[in-house]
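Here you go, one structure.
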Amino acid sequence: MEFSEEMKYVLDSFWLLISGCLVMWMAAGFAMLEAGLVRTKNTTAILTKNITLYSLACISYYYVGYNLMYGSGNSFVGSGVMMSGTSADGHSLISDFFFQVVFVATAASIVSGTVAERIKFWPFMGFILVLTAVIYPIQGHWSWGGTSLGGMLDGFSDFAGSTIVHSVGGWAGLAGVLLLGARKGKFGSDGVIYPIPGSNLPLATLGTFVLWLGWFGFNGGSQLALGSKADVDAISAVIANTNIAACAGALAAMILTQLLYKRVDLTMVLNGALSGLVAITAGPDYPSMNLAIFIGAIGGILVVFAIQFFDKFKIDDPVGALSVHLVNGIWGTLAVGIFKPDVALFAQIKGIVVIGIFTFFSSLLVWAVLKFSVGIRVSEEEEYNGIDVDEFGLQAYPEFVERQGV
Amino acid sequence: MEFSEEMKYVLDSFWLLISGCLVMWMAAGFAMLEAGLVRTKNTTAILTKNITLYSLACISYYYVGYNLMYGSGNSFVGSGVMMSGTSADGHSLISDFFFQVVFVATAASIVSGTVAERIKFWPFMGFILVLTAVIYPIQGHWSWGGTSLGGMLDGFSDFAGSTIVHSVGGWAGLAGVLLLGARKGKFGSDGVIYPIPGSNLPLATLGTFVLWLGWFGFNGGSQLALGSKADVDAISAVIANTNIAACAGALAAMILTQLLYKRVDLTMVLNGALSGLVAITAGPDYPSMNLAIFIGAIGGILVVFAIQFFDKFKIDDPVGALSVHLVNGIWGTLAVGIFKPDVALFAQIKGIVVIGIFTFFSSLLVWAVLKFSVGIRVSEEEEYNGIDVDEFGLQAYPEFVERQGV
Amino acid sequence: MEFSEEMKYVLDSFWLLISGCLVMWMAAGFAMLEAGLVRTKNTTAILTKNITLYSLACISYYYVGYNLMYGSGNSFVGSGVMMSGTSADGHSLISDFFFQVVFVATAASIVSGTVAERIKFWPFMGFILVLTAVIYPIQGHWSWGGTSLGGMLDGFSDFAGSTIVHSVGGWAGLAGVLLLGARKGKFGSDGVIYPIPGSNLPLATLGTFVLWLGWFGFNGGSQLALGSKADVDAISAVIANTNIAACAGALAAMILTQLLYKRVDLTMVLNGALSGLVAITAGPDYPSMNLAIFIGAIGGILVVFAIQFFDKFKIDDPVGALSVHLVNGIWGTLAVGIFKPDVALFAQIKGIVVIGIFTFFSSLLVWAVLKFSVGIRVSEEEEYNGIDVDEFGLQAYPEFVERQGV
Amino acid sequence: MQKKIEAIIKPFKLEEIKQALAEIGSFGMTISDVKGFGQQKGHTALYRGAEYEVDFLPKTKIEIIVSEEMADLVIETIEKTAKTGKIGDGKIFVYDVSQAIRIRTGQTGNEAI
Amino acid sequence: MQKKIEAIIKPFKLEEIKQALAEIGSFGMTISDVKGFGQQKGHTALYRGAEYEVDFLPKTKIEIIVSEEMADLVIETIEKTAKTGKIGDGKIFVYDVSQAIRIRTGQTGNEAI
Amino acid sequence: MQKKIEAIIKPFKLEEIKQALAEIGSFGMTISDVKGFGQQKGHTALYRGAEYEVDFLPKTKIEIIVSEEMADLVIETIEKTAKTGKIGDGKIFVYDVSQAIRIRTGQTGNEAI
Ligand SMILES: Nc1ncnc2c1ncn2[C@@H]1O[C@H](COP(=O)(O)OP(=O)(O)O)[C@@H](O)[C@H]1O
Ligand SMILES: Nc1ncnc2c1ncn2[C@@H]1O[C@H](COP(=O)(O)OP(=O)(O)O)[C@@H](O)[C@H]1O
Ligand SMILES: Nc1ncnc2c1ncn2[C@@H]1O[C@H](COP(=O)(O)OP(=O)(O)O)[C@@H](O)[C@H]1O
């Protein structure tokens, strides 16, 4: 290997590793965000789910998913031979695996937020197993795996996964929520909505910042190379655009909630920043910062209305994951079609729909099987007492006195 | 471009990006530190301010500040043409922008701590807009922008911003505090000081560690290059000195509080570590580790006395931001004049004074305009009830029972 | 220096710096983990200890430890001349120092968890001083310092410190616990064990994730070089194995606690993940991912039984540090002997025993001197009231109402 | 004269009771978080492999001072609303109040409540 | 005989009341956090676009057991100090104590308090 | 008739008292967290160099409603168990209950407790 080639190999692999570390860190972000937005009585549960789903996702993706996604196989699904060898073309194969595996964990984390506060632990883990070993890799095989599903997804462009990761997580969660129902006490009769405030906003804010930081690896790493001027210029643009889209999303939500509610709503600002991030993810490489600000700001606006929309249809999403990841995953993917010169809007729509349908219905099937076999929802009493005490036997803050129905 | 030149371009830009990510992470540190040091009733407010000020700073600096600072223009202020192009000399322009923008956000974060627990949200955001779009960039134009204010600042040396970032934030905050007044109940008649303990010390400690980590990017990145032996040696020294100065600051505060109060005061230790960091920031590249320890230790001592000093003069600074950033920003800048061979103490003093006067008075003007137009302080009742409930309608820990006046 | 050589120097040094930053971040992880697993009344104490021990470790290791460890000296102990010069062979000396110093801080952090909730502050700091300046460096001199203790440790292999860092911390803590005794109320008569639940599980979970992230630097950096294809391939394997061993440890603890207790115990899952990390640390470079999963899973199983074992023998370890770091430090080191082709199991056992005996007995001596001179345990009343109020005069959550004996 | 009605109830019944009382025209109450046990005992929990007893269960205490005439109606309303029929429903205790004062106005007796 | 004086006050008045009572020579009190409503109602809050009612406002409950002779003076002092004249100032309720014991010494009656 | 026994104790004595009461056959109690001072005063604390007084110390309040016959035994048991002989041990206050109802069954009087 020539020296300059070797340097490029080193830098490219290294960048995947650093990005992978940053994306792994997003697991902590999801854990904190979700722990901050649920009630204290379900906090141990959400923490447990977040750490175990990350662990399960890594292992199932290693044994099955990675090869279904990147193995040769046919145009629908990869070969299924266990990952082997050490170096792929131009970078370390394992660095690539490490980077890819943290993505699948991200998709899984989105689900945990959506079904929080009422799902049973083991059926949830069962779903995550199928999602990370099979559903996510199959649709990933079509796009990033390069088969284009036999041409159906030709022209579909999703740089870092607005659709492939975020809205996939969202569809999987939505399927779950539809079969699971809303939390007790969230919706009254005659359309009244009883808000259930999150229990620890510093934690939720921390989680948002952690995700924000991790996103630099999520999007930046998706350049998949660092070792040339062109690459580092691209990564610079990606990171700067990612950052400023998040800023725009936060500010848009800040202004909009002030206009709508006469108050700035912190949880909406957090969701706004995350929405900006999700929205820019499909194409953080091409836009000017002006455009990135626009895309992020629309994200911040969409999330506020989406949360009200889902509430109205009694789709109960405790942490706003559907509004952030599903809605803005779609918006971000469309935006690439609208603004990026060489991408057709129609190809984007086709990609969103095909991947959406596949993910939603396959998820629905899995959730349905779980529901009608072992059941997916905790008992009413367990839900009232809190999953922590009844299912996990462990309170998250055992020494702190909590308000009881006050 | 030759290969070796390209590699240097890649590494230099890359280092700016990584450093920028670390500095962005400091926004989370400020948020956690400040959320931990205010009372629970004002926690949502401080969290909201910290995430929105970061967002606003990035956008206003992009549209206005960056060019006022680095645009050609005249010796007082830069050109004001919007940032354009992609590569600057020797590294990606956007990576440079990303690194610079997180600095301005740091200066803004310092202000939020100083005026915490009584400032109104929107006027605060107004001030941040002016600070990040105009005040910070103008003084930055003189030093890092390279004009030397027509020679007045010749010889002034501030490696990573003890003065340019930290004491600028401090002066801006001080101007605010003077017009804002102390929190109700902080100072009794006849000089009695009623301490108002921070509500969540684990959060404050976490924030300190986050800042500490981020500071490796803050100072290390200020080398602005990585791709040569000289650069990486310099960065090594910078990071090791930064780390050990923080250690020395923490230990000095630990020992001093034991001697003064017969107890180690954790919040002082946290402030001590931060003070060591601020103090070393003006010149982390030249000193031996021995000297870095000395500079940091003085920082840790200064902060303890400074906090008592400000209390005595009824300048109420809830999180100690003035003592950490303003006082030690000055100390660190002076230290460079005292210890660094080729730097004149007088040039340092001139820099401190010129930048201090400009920042303080321009900030005072902005605060005054805000005060006498829309007002900057929440009502007495709002302050008593907590800004969270009255201004934001959202408690940070809604389920936890809090002590009421006990 | 030739260009390619310089690039390697840059990359190698740079990797040490980045890894050092990640390992420094582990200090935050330990602080959060331990703060989450003790009771609220001792939280300020554990936070203070964690930040000051890190600070002290850095300074004492700089002035004494680094040279005792890496100075030439004799085969038992290094030269003791203060670290000097800037570049070592092939990378910046200071970058190496920075990377090494965060390791010693890690060993010290393990002790703080073990003796939590009853140790006096200043004697604890005294022990940390001796541990980091003398005990850790001496045993480190034998292995990483390269003297092999005059041949006794020939063939002993510990890539990143399962023994040299983790079980050393564990032995030092064990010696302390034996002289310190259990917390009041932990063990009843006739063998009853009264659990003392941790007060803040989100914090403990955050700490675990922080440690997990930091571990990528801990193990990855121990490759000590980045600038060649072989190095980056090795680092890729190290990081991927580190990650998946943690996953396996978490899942193993999850399944085992479900089988044993009919419930998934979050604190055990956290300890399981950490155990996987400790176990893989002695040899993250050679195994296949399959084997890494196996090693991590055994770690997750061992920790569950070890915690019960220590409880049974009334060795009170509030955060499970002995079970995680000592037990799995041993397991990980043995595993290298069992699975790595060119390493003899017997050499591993000898290393574990020699280092264990040295560390345990020298620590015991120091603890004993402290105990019989100034005393190491707070008074019974102080322990009941909480160290925070009595020794530190500062509650960690002063505004939150806590349950009192309920 | 006034009566103090003290009810120890299951926390999730509070909202309902509050509404039921508003309907019968009683306003004003003070509540606090308490823990207790009676015929309903606590449960066993497990932490890191060791068992322990959680003896006390969370309850809400309602305190209402009413005029003697209103007392029976209020008691009845609470009784009816708080009842689930399952163990742990709680108790109502009644005490005599020897004086009641509204701080703001200085009014006493029935006018104070 | 002793009287129990139970005052529900605005939390921020506690400090002042404590000092006023110390001045008239009454020592010993027990306080707790409660929530309540009376003529002062809660307020409407908004979370993620949905409105909800916060019914209960935070108050502090002070309990003081005094000898019958001291009772009026203590009541008067609390009344005076706790008063802001604004709605929600709180109430004072007085009860008879049938027995009072100091655990440490076994003293009873007025000697116990 | 029933008596209400209200004991303000040091928090760490709760467990012991609970067991002692179980032994004499009294079951059912309600506890809450309170703060107080009496002869035992608070202490001075220091925060960032400024001194302040912590006046109130944490205590646990136990409330037990018992039949008149049982009252003396319960009081005695609490007194004996809660006593450490050091300042701050706490107090026991006793009140008359004019009515007691078990919500689940509607039982009243001694049957309710
Ligand atoms: N004798 C008592 N004294 C004080 N409080 C009691 C007493 N008995 C019960 N309580 C309170 O009432 C609650 C419910 O009582 P419990 O006996 O469990 O329910 P039930 O009346 O439905 O059988 C208990 O948790 C406790 O707080
Ligand atoms: N009838 C009542 N029974 C018990 N507590 C009451 C009653 N009325 C008021 N309170 C308590 O007193 C507090 C103040 O009462 P409120 O009527 O709002 O004030 P004001 O007396 O100034 O009109 C309430 O928040 C509640 O805690
Ligand atoms: N007069 C009182 N009224 C109400 N509570 C009291 C009174 N005196 C004491 N207490 C409560 O009892 C607790 C212990 O009383 P204290 O006088 O300190 O102890 P001791 O009785 O051992 O001297 C106090 O902290 C307070 O909560």
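Looking only at region D:72-81, which residues are within 15 Å of ligand 2 (Cβ to nearest atom) and either of a type in the set (D, E, K, R) or in contact with a helix residue (DSSP H, G or I) (Cβ under 9 Å, 6 or more places away or on another chain) (or both)? Write out each step before concluding.
Residues of region D:72-81 that are within 15 Å of ligand 2 (Cβ to nearest atom), as a first pass: D:73-75, D:77-78.
Residues satisfying the conditions are D:Val74, D:Thr77, D:Ile78.
Still on this structure, please answer the following. For region A:218-236, which residues satisfy the criterion of being assigned to a helix (DSSP H, G or I), at the interface with another protein chain (Cβ under 7 Å from one of its Cβ atoms) and either buried (at least 24 other Cβ atoms within 10 Å of the Cβ) or on the phi > 0 side of the Ramachandran plot (or both)? I'd like the intermediate steps shown before the answer.
Of all residues in region A:218-236, those assigned to a helix (DSSP H, G or I) come to A:218-223, A:229-236.
Subset that is at the interface with another protein chain (Cβ under 7 Å from one of its Cβ atoms): A:229, A:232-233, A:235-236.
Correct list: A:Val232, A:Ile235, A:Ser236.
Could you tell me how many of the residues in region A:38-75 are in contact with an Asp or Glu (Cβ under 7 Å, 6 or more places away or on another chain) and outside any loop (DSSP other than H, G, I, E, B)? Even if it seems obvious, please write down each step before you answer.
First, pick out the residues of region A:38-75 that are in contact with an Asp or Glu (Cβ under 7 Å, 6 or more places away or on another chain): A:38-46, A:50.
Narrowing further to those that are outside any loop (DSSP other than H, G, I, E, B): A:40-46, A:50.
The number of residues fulfilling the criteria is 8.
If you scan region C:351-396, which residues turn out to be crowded, with 21+ Cβ neighbours inside 10 Å and touching a Pro at 6+ places or on another chain (Cβ under 8 Å)?
C:Leu370, C:Ile376, C:Leu394, C:Gln395, C:Ala396, listed by residue number.
Taking the residues in region E:38-60 that are among the charged types (D, E, K, R) and surrounded by fewer than 22 Cβ atoms within 10 Å (Cβ to Cβ) as candidates, determine which candidate is farthest from D:Lys61 (Cα to Cα).
Here the answer is E:Glu51.
Now for a different question. Can you tell me which of F:Lys13, F:Lys35 is part of a strand (DSSP E or B), away from ligand 1 (no atom under 16 Å from the Cβ) and buried (at least 17 other Cβ atoms within 10 Å of the Cβ)?
F:Lys35
Pick out the one residue from C:Ile349, C:Ile355, C:Ile307 that is of a type outside the set (D, E, K, R) and within 26 Å of C:Leu251 (Cα to Cα). Give the derivation first.
On the way: C:Ile349 fails: within 26 Å of C:Leu251 (Cα to Cα); C:Ile355 fails: within 26 Å of C:Leu251 (Cα to Cα).
None of the other options fit; the residue is C:Ile307.
Pairs needed: first member in region F:91-102, free of Cβ contacts under 8 Å to residues at least 24 places away in the same chain and farther than 18 Å from E:Gln2 by Cβ; second member anywhere, more than 16 Å from ligand 2 (Cβ to nearest atom) and assigned to a strand (DSSP E or B); C-beta distance under 8 Å; at least 6 residues apart or different chains.
Pairs that qualify, where the first residue is free of Cβ contacts under 8 Å to residues at least 24 places away in the same chain and farther than 18 Å from E:Gln2 by Cβ and the partner is more than 16 Å from ligand 2 (Cβ to nearest atom) and assigned to a strand (DSSP E or B), are F:Gln99/F:Thr108; F:Ile101/D:Lys91; F:Ile101/F:Thr108; F:Arg102/D:Lys91; F:Arg102/F:Thr108.
Please find, among C:Gly198, C:Gly188, C:Gly181, the residue that is over 30 Å from A:Val10 (Cβ atoms), more than 12 Å from chain A (Cβ to nearest Cβ) and touching a residue at least 40 places away in the same chain (Cβ under 8 Å).
On inspection, the qualifying residue turns out to be C:Gly181.
Could you check E:Ser26 against (1) hydroxyl-bearing (Ser, Thr, Tyr); (2) at the interface with another protein chain (Cβ under 9 Å from one of its Cβ atoms); (3) more than 15 Å from B:Gly393 (Cβ to Cβ) and say which number it fails?
(2)
Could you please find all residues in region B:254-289 being without any contact (Cβ under 8 Å) to a residue 40 or more places away in the chain, of a type outside the set (Lys, Arg) and more than 20 Å from B:Trp215 (Cβ to Cβ)?
If the condition is that a residue be without any contact (Cβ under 8 Å) to a residue 40 or more places away in the chain, of a type outside the set (Lys, Arg) and more than 20 Å from B:Trp215 (Cβ to Cβ), then B:Ile255, B:Gln258, B:Leu259, B:Tyr261, B:Val264, B:Asp265 are the ones that fit.
Which condition number does F:Glu63 fail, the rest of (1) touching a residue at least 24 places away in the same chain (Cβ under 8 Å); (2) within 14 Å of ligand 1 (Cβ to nearest atom); (3) more than 15 Å from the chain's Cα centre (by Cα) being met?
Unmet for F:Glu63, out of (1) touching a residue at least 24 places away in the same chain (Cβ under 8 Å); (2) within 14 Å of ligand 1 (Cβ to nearest atom); (3) more than 15 Å from the chain's Cα centre (by Cα): (3).
Within region E:84-105, restricting attention to residues that are surrounded by fewer than 17 Cβ atoms within 10 Å (Cβ to Cβ) and over 22 Å from F:Asp96 (Cβ atoms), which residue is nearest to ligand 1 (Cβ to nearest atom)?
The initial filter retains those residues of region E:84-105 that are surrounded by fewer than 17 Cβ atoms within 10 Å (Cβ to Cβ), namely E:84-87, E:96, E:98, E:105.
Imposing the further condition that a residue be over 22 Å from F:Asp96 (Cβ atoms) reduces the set to E:84-87, E:105.
Numbers: E:Thr84: 34, E:Gly85: 38, E:Lys86: 35, E:Ile87: 32, E:Thr105: 26 Å.
Checked region E:84-105; the qualifying residue nearest to ligand 1 (Cβ to nearest atom) is E:Thr105.
For the condition more than 14 Å from chain A (Cβ to nearest Cβ), at negative phi and modelled with pLDDT under 95, what is the one hit in E:Glu79, E:Glu111, E:Glu63, E:Glu53? Let's see the steps before the verdict.
Values: E:Glu79 fails: modelled with pLDDT under 95; E:Glu63 fails: modelled with pLDDT under 95; E:Glu53 fails: more than 14 Å from chain A (Cβ to nearest Cβ).
None of the others qualify; the one that does is E:Glu111.
Taking into account only those residues within region D:16-38 that are over 12 Å from the mean Cα position of the chain (by Cα) and of a type in the set (Asp, Glu), which is farthest from ligand 3 (Cβ to nearest atom)?
Out of the qualifying residues, it is D:Glu23.
OK, next. Might you check whether a residue that is within 15 Å of ligand 2 (Cβ to nearest atom) and more than 26 Å from D:Lys35 (Cβ to Cβ) occurs anywhere in region D:82-96?
yes
Quick one: in region E:16-32, which of the residues that are away from ligand 2 (no atom under 16 Å from the Cβ) and more than 25 Å from E:Thr108 (Cβ to Cβ) is surrounded by the fewest Cβ atoms within 10 Å (Cβ to Cβ)?
Checked region E:16-32; the qualifying residue surrounded by the fewest Cβ atoms within 10 Å (Cβ to Cβ) is E:Glu23.
Right, another one. Looking only at region C:250-303, count every residue that is under 18 Å from the mean Cα position of the chain (by Cα), within 13 Å of chain A (Cβ to nearest Cβ) and more than 16 Å from D:Arg48 (Cβ to Cβ) and tell me the total.
Selection size over region C:250-303: 5.
Kindly list the number of the only condition in (1) hydroxyl-bearing (Ser, Thr, Tyr); (2) buried (at least 22 other Cβ atoms within 10 Å of the Cβ); (3) more than 7 Å from chain C (Cβ to nearest Cβ) that fails for A:Ser75.
Among (1) hydroxyl-bearing (Ser, Thr, Tyr); (2) buried (at least 22 other Cβ atoms within 10 Å of the Cβ); (3) more than 7 Å from chain C (Cβ to nearest Cβ), the lone unmet condition for A:Ser75 is (2).
Now, a different point. Out of E:Glu63, E:Glu79, which single residue is within 16 Å of ligand 3 (Cβ to nearest atom) and within 21 Å of E:Gln2 (Cβ to Cβ)? Quick ask: steps written out before the conclusion?
Details: E:Glu79 fails: within 16 Å of ligand 3 (Cβ to nearest atom).
Step by step, each of E:Glu63, E:Glu79 is checked, and only E:Glu63 is within 16 Å of ligand 3 (Cβ to nearest atom) and within 21 Å of E:Gln2 (Cβ to Cβ).
Name the residues in region B:1-58 that are surrounded by fewer than 24 Cβ atoms within 10 Å (Cβ to Cβ), without any contact (Cβ under 8 Å) to a residue 40 or more places away in the chain and within 7 Å of chain A (Cβ to nearest Cβ), would you?
Correct list: B:Met1, B:Phe3, B:Glu6.
The values are calculated or read from the model by the stated rules, or taken from the named source; none is laboratory data. Just so it is clear, the model here is predicted, and its values are computed rather than measured. As a convention, Cβ positions derive from the backbone with ideal geometry for all residues, glycine included, and neighbour counts pool all protein chains shown.
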